[in-house]
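*Asks:* The structure under discussion is supplied below as structure tokens; questions concerning it will follow.
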Amino acid sequence: MAADSDPESEVFEITDFTTASEWERFVSRIEEVLNNWKLIGSTARDPLEKGEFTSGVWEEKSDEISFADYKFSITHHYLKQEYLTDKEIKEESEEDALPEAMQDLLSMSNDFPPRAHCLVRWYGLREFVIIAPAASNDAVISESKCNLLLSSISIALGNTGCQVTLFVQIQQKSRRMYVGACEGPGVRTDFEMVHLRKVPNQYHHLSGLLDIFKSKIGCPLTPLPPISVAIRFTYVLQDWQQYSWPQQPPDFDALVGGEVGGLEFGKLPFGACEDPISELHLATTWPHLTEGIIVDNDVYSDLDAVQAPQWSVRVRKADNPQCLLGDFLTEFFKLCRRKESTDELLGRSAFEDETKESTDISQALQKLTEPTTVHMPRLSTMSNMVHSARKRMHRHRRVEESPISNEVLNSILIFLFPDAAGDVSNAKRSTSRGSNIATFEEESYMWTSLDKDTIYCPPLIGQRAVKSQLHCCGSGVTCRPDQSLYCQFKSAPSDSLTYKLSLCLCMVNFYHGGMRGVAHLWQEFVLEMRYRLENNYLVPGLATGAPDLKCCLLHQKLQMLNCCIERKKARDDGRKQTAENALGDSMERKVSNSKVTPECLNNKGETSQQKSWDSWSDSEDEFFECLSDTEELQDGDMKEEAAKGEEKDGGKKDTHKWRPEGRLHQHGNLTLIRTGDPLYIPVTQEPAPMTEDLLEEQSEVLAKLGTSAEGAHLRARMQSACLLSDMESFKAANPGCCLEDFVRWYSPRDYIEEEFTDETGDKVLRGELSARMKIPGNMWVEAWETAKSIPARRQRRLFDDTREAEKVLHYLVGLKPADLTRHLLPCILHAALLKVKEEESMEDIPSVRKIIQQIIAHASKLLRYSNPDIKKLEEIIGQIIASEAIIARSRSLQAKFGIQKCEKEEEREELERFVSQLLEQPEVPVIGAGRGPTGSIIYKLFVNAQRTATLTPIDDEPRKPDSSDEHRSSSGTVSEFPPPTGREIILRTSAPRPAPYSKSLPQRMYCVMLKDDFRLAGAFSSDTSFF
């Protein structure tokens, strides 16, 4: 018991009241944020200018605070303005100046801003802070929590001296309910709000709102201070039935004919499939009224929209309107993410080996690569190969119908290859292909002229150039300025085959089978490339010469194939000419030895000529032009011995033991140093053309050799193949030449000539090689010693066109539809941008021109890389779609306002400016309000819509608004103008609160009345010093 009664053993619970509670920490955190944002104390800025809420720049910054475990976001919204200096503040400040927020409550320069935060529209504030629940689904609903938050911001404002208005968002966020406070020296403004779903009957008009405003102020003065009123009625036009949408629907049945503007081959469609303007909002405003000037109650109203002093219009745009060009681009872009191959889409590959046919193909390929003297199969055998592949391809497709119909496929191929649509006579003259290629009636894949018995044969090269005029720069056709875009986009010229192929694939993807249609068309395209290679037909629509590295890789590959065809054709033509000359010589000898008639001579000549050409085509020289190694060695040894003999005899020995070969023309007055013979420029081989991927491979190989002396020497030897060939050609053209002679022609800067006086006193020139040419181990010296006297026509080819052509075809065959799409995407973006520029030039829209410049700048940086970022490409496509939508909106508004029908030039220009401003600005004032030309058209639009709604005939022209329209609402007649969709009223005054002797402070109430929404937003100030 004694132990229990010991006072030291008792436990006391001690409450530490100095520890901060969660509420105090919350208030402290608010004060800390206000301090960090430097919102402490008073600030001063210039008074608001008219329209500054719309034209100015609004900024915001946010932070996060917590009340226990409940998170809030605190956001500072403010109009960016210059603050006044301390000196300016002292000059302009008055004693007991009101906070800036209270001054803004009475400002009339920015009523009803078309684009601003809802609190800016309701209260006219330029700066405020909002505290709201951080989570989107959280809400402060209970009254006790609302009061707790209001108490918190009141304490924070009092402790910090902040004069910026603080709001707390309550209720569900969709209701946009705010309460707040603003405090200054001896003054306070409470911001309150009422939100109802239905408009009370007594508040449908101005008189009822004035009553509630006066009762809320509770001013004891008599008479009451004057109340300023600003009113805006908004009318919404949604019915456009009287104005047809100007975009014509595409005619899908006329696609093959190519006569439809939207779907013609080579042209991308353009325009919206639906009206991109969903609503037109007309706002009629009475900006400065006083309480006693107007009457608006449940019996009578002076507020007639036609008589409103200010009209302004805004348009509501349709959300993501369906546009043709945008749909084309989007669907084509989706192919980039697909992974299916052509075989998976179309079934077993058309090139896959199959039993006996497979044996024939493998034998043909073996013959192509065998370096033997055995005759390889005729070129027609390869055509048979392609023909059988196509037969197998279409035989397998008969089970499931081809994605592209024969008629559409033929039209596309003729569009891509216009030389295929040659005249019938040229086609019938071609007999070399008749036995190998089926007619249009036999094979559905064959695309020929209208005569079903006509076999496809392109016209002659000269005729093709005249007829199609497909070639771009370098072929004699003048390029348009827009074609310079292909360099920036790394695409292809707008009249090239690659460009047209991209357009056709885009159209096939959208209208004819999607990805399977793309694979089908690409397979036919590759087969056509194979046929043209085998039969020496140049591919149309490609510039001559080496591949253009400014274009996309696929375009470079096709140019490389064309180079191969051109080289092969020139070589075959040369052999044919040689055979004809040899045949002519033999026939002359036969004529001299025997008597034959001219007719027999001609017949035999034709037969022998044809046979000789066929034998040339069958020969092994198709792949190797040079002499055999034995012949080359013998010939080279003989020339070397002759050259050594010259050197021993001091160069005086006869140097013409062999005949010069491969001379192009004489090089001015230059002569050979040793013999004094004229120096001739030789016929040389052209350097091998290369595409960018080959250049990258070559650079990687050279880089792997390293920086060692051995690697550098090997690198130099690999790069000197062209130099060695030129040296051999020079030796063949100039017997008895030396390295100095070659340098004088090939690199004149490396041959230095000096003038000196000889023994006789005459001035002569003496030359020698430059210092770099005398460096031991110089590659030029080594190459000169190695080079043999061989003319270019007998050298091994620097550019093996046969091998390169097969590599290109192998590359094309291996492309998946997704790879093909990525290759052609720059061309499609190029074509889309050209289409947008073409359409914009007819409308003259500044915002679209600005977007176009942004697209060019963005795409030129992005497309220069081989694998551009997919997300950034989507952004570019989005910009193109936005441009198309803006142009479609412009045309829609022009049709609705009847600009094309306007006869007076001044009115037409005014309407054009008005439509242009509607596209650029959120809200556009109407000059002359309802009495101007634009206002008259708007009036007719609403009257016709109202007549349609009330089933009133609209045949009669609606009368123009004039003064006789006044007070028609009081006469009991039905108004031609529809009732307003929304009504906004702002009431302002300065009155003392709460006592008669209190300071006169700003009072403001905003009211908006919609069909299912009624909101009152009040700001009521009171004097906290004298109450």
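*Asks:* State the extension gain, in nm to one decimal, for the chain segment bounded by residue 580 and residue 238, taking 0.36 nm per residue of separation less the distance between their alpha-carbons. Present the calculation step by step, with values, prior to reporting the outcome.
*Replies:* Values: separation 342, 0.36 × 342 = 123.12 nm, distance 8.08 nm.
115.0 nm is the gain from fully extending residue 580 to residue 238.
*Asks:* Now for a separate question. Percent of Cα-Cα pairs more than 16 Å apart in segment 261-329, please. Don't jump to the answer; show the numbers that get you there.
*Replies:* Working: 1590 of 2346 pairs.
Value for segment 261-329 (Cα pairs over 16 Å): 68 percent.
*Asks:* Continuing with this model, one more query. What is the dipole size for segment 655-702, taken about its Cα centre, with +1 at each Lys and Arg Cβ and -1 at each Asp and Glu Cβ, in debye to the nearest 20?
*Replies:* On the way: 4 positive and 8 negative charges, 175 e Å.
Using only the charged Cβ atoms, the result is roughly 840 debye.
*Asks:* Place a label point 7 angstrom from the Cα of residue 64 along the Cα-to-Cβ direction, then list the residues of segment 132-154 whose backbone nitrogen is under 16 Å away.
*Replies:* Only 132-138 fall inside the zone, counting backbone N under 16 Å.
*Asks:* Using packing as a proxy for protection, rank 159-172, 102-115 so that the peptide with the highest average count of other Cβ atoms within 10 Å comes first. Please list the in-between numbers first.
*Replies:* Details: 159-172: 21.1, 102-115: 18.4.
Peptide ranking by packing, descending: 159-172, 102-115.
*Asks:* Apply the Kirkwood formula to segment 160-214: the hydrodynamic radius equals the inverse of the mean of 1/r over all pairs of different alpha-carbon atoms; give it in Å with one decimal. Can you show the working numbers first?
*Replies:* On the way: mean 1/r = 0.0730 Å⁻¹.
It works out to 13.7 Å.
*Asks:* Also, quick follow-up: Multiply the residue separation of residue 869 and residue 279 by 0.36 nm, subtract the distance between their alpha-carbon atoms, and state the gained length in nm to one decimal.
*Replies:* On the way: separation 590, 0.36 × 590 = 212.40 nm, distance 3.74 nm.
Result for the pair: 208.7 nm of gain on full extension.
*Asks:* Continuing with the same structure: Return a whole-number percent for the relative contact order of segment 271-321, with Cα pairs under 8 Å and 6 or more residues apart as the contact set.
*Replies:* Values: 57 pairs, mean separation 29.9, N = 51.
59 percent.
*Asks:* Sticking with this one: Going from most exposed to least, what order do 485, 951 have by accessible area with a 1.4 Å probe?
*Replies:* Numbers: 485 10, 951 155 Å².
The residues order as 951, 485, largest area first.
*Asks:* Ignoring solvent entirely, what values of log10 I(q)/I(0) come out of the Debye formula for segment 114-163 at 0.20, 0.22, 0.27, 0.30 Å⁻¹ when each Cα is a single scatterer?
*Replies:* Normalising to I(0) and taking log10 leaves -0.95, -1.04, -1.07, -1.07.
*Asks:* Accessible area per residue, 1.4 Å probe, Å², for segment 856-923: what's the number?
*Replies:* 53 Å²
*Asks:* How do 308-314, 904-910, 488-494, 177-183 rank on mean C-beta neighbours within 10 Å, highest first?
*Replies:* Working: 308-314: 18.4, 904-910: 12.7, 488-494: 25.9, 177-183: 23.0.
Highest-to-lowest ranking by the protection proxy: 488-494, 177-183, 308-314, 904-910.
*Asks:* Would you kindly find the accessible area of residue 301, with a 1.4 Å probe and non-protein molecules such as ligands, DNA and RNA excluded, rounding to the nearest 10 Å²?
*Replies:* 30 Å²
*Asks:* Please give the peptides 134-145, 526-537, 869-880 ranked by average Cβ packing (other Cβ atoms within 10 Å per residue), highest first, as a rough proxy for protection.
*Replies:* Numbers: 134-145: 12.3, 526-537: 20.2, 869-880: 15.6.
In descending order of packing, they fall as 526-537, 869-880, 134-145.
*Asks:* Please work out the FRET efficiency for the pair residue 37 and residue 195, using the Cβ-Cβ distance as r and a Förster radius of 22 Å; give the result to the nearest 0.05.
*Replies:* On the way: r = 29 Å, r/R0 = 1.33.
So, using R0 = 22 Å, E works out to roughly 0.15.
*Asks:* Sticking with this one: With every protein chain kept in the model, how would you rank 664, 345 by accessible area, 1.4 Å probe, largest at the top?
*Replies:* Values: 664 105, 345 25 Å².
Most to least solvent-accessible, the answer reads 664, 345.
*Asks:* Could you give the accessible area per residue of segment 84-224, probe 1.4 Å, as a whole number in Å²?
*Replies:* Working: 6600 Å² over 141 residues.
Result: 47 Å² per residue.
*Asks:* First compute the accessible area of segment 107-169 with a 1.4 Å probe, then give the percent of it belonging to carbon and sulfur atoms.
*Replies:* Working: 1100 of 2160 Å².
The nonpolar share, carbon plus sulfur, comes to 51 percent.
*Asks:* Beyond 19 Å, how much of the Cα-Cα pair distribution for segment 100-243 remains, as a whole percent? Could you put the intermediate results ahead of the total?
*Replies:* Details: 6716 of 10296 pairs.
Summing the P(r) of segment 100-243 above 19 Å gives 65 percent of all pairs.
*Asks:* Tell me, what is the FRET efficiency for residue 202 and residue 80 to the nearest 0.05, using R0 = 35 angstrom and their Cβ-Cβ distance as r?
*Replies:* Numbers: r = 42 Å, r/R0 = 1.21.
Rounded to the nearest 0.05, the efficiency is 0.25.
*Asks:* What does segment 877-958 give for Rg and for Dmax, in Å, if only its C-alpha atoms count?
*Replies:* 14.8, 46
*Asks:* Report D for segment 833-889 in µm² per second (integer): Stokes-Einstein, Kirkwood Rh on Cα pairs, 20 °C, 1.002 mPa s. Could you put the intermediate results ahead of the total?
*Replies:* Numbers: Rh = 11.7 Å.
It comes out at roughly 183 µm²/s.
*Asks:* Ok, one more. Any idea of residue 291's accessible area? Nearest 10 Å², probe 1.4 Å.
*Replies:* Answer for residue 291: close to 60 Å² accessible.
*Asks:* Express in Å², to the nearest 10, the accessible area of residue 78 obtained by rolling a 1.4 Å probe over the protein heavy atoms while all chains stay in place.
*Replies:* Probe radius 1.4 Å; accessible area of residue 78 about 40 Å².
*Asks:* For segment 494-548, what does the accessible surface come to per residue with a 1.4 Å probe? Please give it in Å². Write down the numbers at each step before the final one.
*Replies:* On the way: 960 Å² over 55 residues.
Value returned for segment 494-548: 17 Å² of accessible area per residue.
*Asks:* Can I ask one more? Could you compute the FRET efficiency for residue 148 and residue 849, with r as their C-beta to C-beta distance and R0 at 60 Å, rounded to 0.05? Please list the in-between numbers first.
*Replies:* Numbers: r = 55 Å, r/R0 = 0.91.
Step by step, r from the Cβ atoms, then E = 0.65.
*Asks:* Let me ask something else. Ordering 1012, 304 by how much accessible area each has at a 1.4 Å probe, largest first, what is the list? The partial results should precede the final answer.
*Replies:* Details: 1012 80, 304 25 Å².
Greatest to least solvent exposure: 1012, 304.
*Asks:* Calculate the spin-label point distance for residue 757 paired with residue 97, positioning each point 7 Å from the Cα along the beta-carbon direction, and give it in nanometres.
*Replies:* 9.7 nm
*Asks:* Work out the length of the dipole vector of segment 18-77 about its Cα centre, built from +1 on the beta-carbon of each Lys and Arg and -1 on the beta-carbon of each Asp and Glu, and round it to the nearest 20 debye.
*Replies:* On the way: 7 positive and 12 negative charges, 16 e Å.
So the magnitude is around 80 debye.
*Asks:* Something else about it: Quick one: length gained pulling residue 664 to residue 695 fully straight, 0.36 nm per residue minus the C-alpha distance?
*Replies:* Working: separation 31, 0.36 × 31 = 11.16 nm, distance 3.04 nm.
Taking residue 664 through residue 695 to full extension adds about 8.1 nm, to one decimal.
The values are calculated or read from the model by the stated rules, or taken from the named source; none is laboratory data. Owing to the predicted nature of the structure, the values given are computational and were not obtained by experimental measurement. Note that each Cβ is placed from the backbone with ideal geometry, even for glycine, and that neighbours are counted across all protein chains shown. Calculation scope for accessible area: heavy atoms of the full protein, side chains included, ligands and nucleic acids excluded. Shrake-Rupley method; radii C 1.70, N 1.55, O 1.52, S 1.80 Å.
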